[in-house]
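The values are calculated or read from the model by the stated rules, or taken from the named source; none is laboratory data. None of these values were measured; they are calculated from a predicted model. So basically every Cβ, Gly included, is an ideal-geometry build from the backbone, and we count neighbours across all protein chains shown. Quick note on the areas: whole protein, heavy atoms, side chains included, nothing else; ligands and nucleic acids left out. Shrake-Rupley method; radii C 1.70, N 1.55, O 1.52, S 1.80 Å.
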Amino acid sequence: MKITVIGCGYLGATHAACMASLGFEVLGVEIDPTRRTALERGVLPFFEPDLPELLVEQVESGRLRFTSDIAEAAAFGDVHFVCVGTPQRADGHGADLTFVDAAVTDLAEHLTRPALVVGKSTVPVGTAARLQEILTSTAPAGEQVELAWNPEFLREGFAVKDTLEPDRLVFGVLSEAAEATLRQVYAEALGNGCPLVVTDFPTAELVKVAANSFLATKISFINAMAELCDVTGANVVTLADAIGFDERIGRKFLNAGLGFGGGCLPKDIRAFTARADELGVKDALRFLHEIDRINMRRRKRVIKIARAELGGRLPGKKITILGAAFKPNSDDIRDSPALDVAHKLHELGVQVTVHDVEAIKPARLKHPELSYAETIEEACEGADLVMHLTEWLEYRAVDPVKLGEIVTGKKMIDGRNCLDVPAYRQAGWTIRSLGRP
Ligand code: UGA
């Protein structure tokens with residue numbers, strides 16, 4: 001079976017390399033020539049553990065190639081995975097489907113032989129049915145071309161593992177033949193006991209956004225509890241531990257702090273509410289607006305604490321921000337809470353220096369107005385206040401005694417609730433958290 005992967009960004013590059021590692025012949029379609037040649041050398045425009053090595057290995061094995069020619073892909077593949085991005089629209093909250101529509105339309109025009117086109121991009125419910133019509137009406141092979149929807153649940157930082165060992169597979173299909181083909185593609189994971197849900201298009205599309213909405217809700221729920229903890233002197237970490245022991249609730253994704261960011265959760269909940277509005281069921285997802293608001297409030301809250309810690313005045317103060325990526329093990333700065341706070345503090349007249357383990361380069365490109373430092377020590381030198389906003393392990397490993405010798409003011413805000421508070425206190429620091437006394 002020959003596979004193509006259309007769109008070799010984060011999702012596509014990972015999927016292509018993983019499919020090749022399973023023994024399939026894979027052709028990745030990437031229209032950007034610079035990105036394409038970089039991929040062939042295992043050079044990625046983003047940081048993802050294990051992926052560069054896997055790419056090189058699979059390209060060298062001869063099973064993985066890249067092209068920019070969609071006609072070549074159409075002639076090559078039995079199964080075509082559509083992995084292009086669906087960003088937030090510039091003019092609203094809905095998803096921008098330009099890339100998905102273009103990928104499917106371009107491919108369809110060249111499909112002269114039977115093929116299964118498999119959508120992986122996150123799309124508004126109803127998109128798959130529309131794309132199926134485009135395929136059958138445009139493809140020269142007509143009815144012999146079918147669509148399936150197979151949402152992706154990989155997490156940045158764990159992309160390879162999540163692709164090779166998914167915690168579930170969802171196939172939205174119209175026929176048994178499509179299901180059989182997908183079973184062949186994912187034979188290895190299924191053989192290892194991965195749960196499979198076979199369903200229709202709208203359910204498959206909804207599974208993805210429902211999952212991300214639930215995760216966002218969990219995070220905002222615990223952050224709302226943190227607001228309560230702040231005014232009552234309770235401890236949100238202990239609270240999360242205690243409710244997390246209830247298996248129905250679970251402890252995962254109950255880490256209170258600066259809230260969620262990235263290229264998925266924020267845009268997905270917004271696109272979902274926009275879609276619900278179009279479908280006339282706006283009220284059903286009204287709570288997601290509140291989830292978004294709770295999340296954005298975290299950023300204001302941390303700035304308020306910073307101001308209070310610095311005697312009520314921010315202009316001219318030196319603040320070090322530890323973290324620029326939206327989460328650790330990633331260099332992704334899309335909708336990064338840490339970087340947003342850094343930018344807002346800069347606008348308030350603060351001298352901001354940012355450190356990150358992997359994301360300085362993209363952060364500097366997006367926010368050239370900020371200062372950046374290559375080492376934690378360099379970043380913290382002379383700081384009036386240090387703010388821990390992305391929970392890289394490296395930050396937890398810092399010795400508060402040694403750090404105390406570098407800074408001007410031993411003041412720390414732990415925006416991720418994972419620093420060792422007693423150790424900081426013992427070293428003479430004032431340490432403030434979000435939802436911990
Ligand atoms: C998310 C989902 O977790 C994946 O399952 C999904 O496939 C992916 O989106 C996607 O739609 O492609 P990702 O964006 O990589 O994955 O990041 P997460 O690990 O979900 O973290 C999202 C944000 O939530 C981060 O900013 C993180 O710091 C924050 N977070 C997470 C918390 O604030 N508290 C928590 O307890 C957990």
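Would you compute the Debye intensity of the stretch 334-426 from its alpha-carbon atoms alone, equal scatterers and no solvent, and pass along log10 I(q)/I(0) at q = 0.13 Å⁻¹ to two decimals?
Treating every Cα as an identical point scatterer, log10 I(q)/I(0) equals -0.41.
Taking K and R as +1 and D and E as -1, what net charge do the other residues with C-beta under 11 Å from the C-beta of Glu57 add up to?
Summing Lys/Arg as +1 and Asp/Glu as -1 gives -2.
7 Å from Cα along Cα→Cβ at both Ala187 and Glu60: what's the point-to-point distance in nm?
About 2.7 nm separates the two model spin labels.
Would you please put 15-25, 405-415 in order of how densely packed they are, using the mean number of other Cβ atoms within 10 angstrom per residue and starting with the highest?
15-25, 405-415
Using the Karplus curve 6.51 cos²θ - 1.76 cosθ + 1.60 with θ = phi - 60°, what ³J(HN,Hα) values do you get for each residue of the stretch 240-251, in whole Hz, with x for Gly and Pro?
For the stretch 240-251, the Karplus curve yields 4, 4, 5, 6, x, 5, 6, 4, 5, 9, x, 8 Hz.
Quick one: if you stick a label point 7 Å off each Cα along the C-beta vector at Glu40 and Glu179, how many nm between them?
Placing both labels 7 Å along Cα→Cβ, they lie 4.1 nm apart.
Within the set of other residues whose C-beta is less than 14 Å from the C-beta of Ala325, count the net charge using Lys and Arg as +1 and Asp and Glu as -1.
Here the charged neighbours net out to -3.
Can you tell me how much longer the chain between Asp283 and Arg425 gets when fully stretched, taken as 0.36 nm per residue apart minus their C-alpha distance, in nm with one decimal?
Contour length minus the Cα-Cα distance gives 46.4 nm.
Of the trypsin sites (Lys or Arg not before Pro) in the stretch 165-216, which ones lie in a loop per DSSP and count no more than 14 other C-beta atoms within 10 Å?
When the trypsin sites (Lys or Arg not before Pro) of the stretch 165-216 are filtered for loop state and at most 14 Cβ neighbours within 10 Å, Arg168 remain.
What whole-number value in Å² describes the accessible area per residue of the stretch 86-203 for a 1.4 Å probe?
Computed with neighbouring chains in place, this is 44 Å² per residue.
To the nearest 500 deg cm²/dmol, what mean residue ellipticity at 222 nm is calculated for the chain from DSSP H runs of n ≥ 4 alone, each contributing -39,500 (n - 2.57), summed and divided by the residues?
About -14000 deg cm²/dmol.
If packing is taken as the average count of other Cβ atoms within 10 Å, what order do 31-44, 98-111 fall into, highest mean first?
With the highest mean Cβ count within 10 Å placed first, the list reads 98-111, 31-44.
Rounded to the nearest percent, how much of the accessible area of the chain (1.4 Å probe, protein heavy atoms only) is carbon and sulfur?
Answer for the chain: carbon and sulfur cover 54 percent of the accessible area.
Report the percentage of all Cα-Cα pairs in the stretch 233-330 whose separation exceeds 24 Å, rounded to a whole percent.
44
Which percent, to the nearest 5, of DSSP beta bridges fully inside the chain are antiparallel?
5
So, in Å, what gap is there between the alpha-carbon centers of the stretch 397-423 and the stretch 46-75?
Cα centres, the stretch 397-423 to the stretch 46-75: 43 Å.
Scale the Cα Rg of the chain by the rule-of-thumb value 2.2 N^0.38 Å and send over the ratio, two decimals.
1.06
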